[in-house]
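The values are calculated or read from the model by the stated rules, or taken from the named source; none is laboratory data. This is a predicted model, so every value here is computed, not measured. Here the Cβ positions follow ideal geometry from the backbone for every residue, glycine too, while neighbour counts run over all protein chains shown. Accessible surface is based on the protein model in full, side chains and every heavy atom, while ligands, DNA and RNA are left aside. Shrake-Rupley method; radii C 1.70, N 1.55, O 1.52, S 1.80 Å.
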Amino acid sequence: MKTRITVNSNGSLKIQGDDFEIVDAQGNVYDLGGRELVSICRCGLSSNKPFCDGSHKGHFEHAAEAFALPPRKV
């Protein structure tokens, strides 16, 4: 499966695929324990950052709707 990132309304970023890795600022790889689906916190409230623990419920609002980015600046 091609890696897919889903922006959930009022919640996390869902990353799903059979070949992806998540690294910290120093390039160290998080051990995902063989998972092919993880959710990344967008609200900043998770006690398990960068992963979502559901703390956003009732505290974070964003209606996710796709749109086109403006042209890249060169």
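Condition check ((1) open to solvent by less than 50 Å² (accessible area, probe 1.4 Å); (2) among the hydrophobic types (A, V, I, L, M, F, W, C); (3) in contact (Cβ under 8 Å) with a residue 24 or more places away in the chain; (4) assigned to a loop (DSSP other than H, G, I, E, B)) across all residues:
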| position | (1), (2), (3), (4) |
| --- | --- |
| LYS14 | no, no, yes, no |
| GLN26 | no, no, no, yes |
| LEU32 | yes, yes, no, yes |
| PHE60 | yes, yes, yes, yes |
| ALA63 | no, yes, yes, yes |
| PHE67 | no, yes, no, yes |
Give PRO50, PRO71 a once-over and let me know the one that is of a type outside the set (D, E, K, R), open to solvent by 90 Å² or more (accessible area, probe 1.4 Å) and modelled with pLDDT of 95 or more. PRO71
Since SER39 meets every condition but one in (1) assigned to a loop (DSSP other than H, G, I, E, B); (2) surrounded by 10 or more Cβ atoms within 10 Å (Cβ to Cβ), which condition does it not meet? (1)
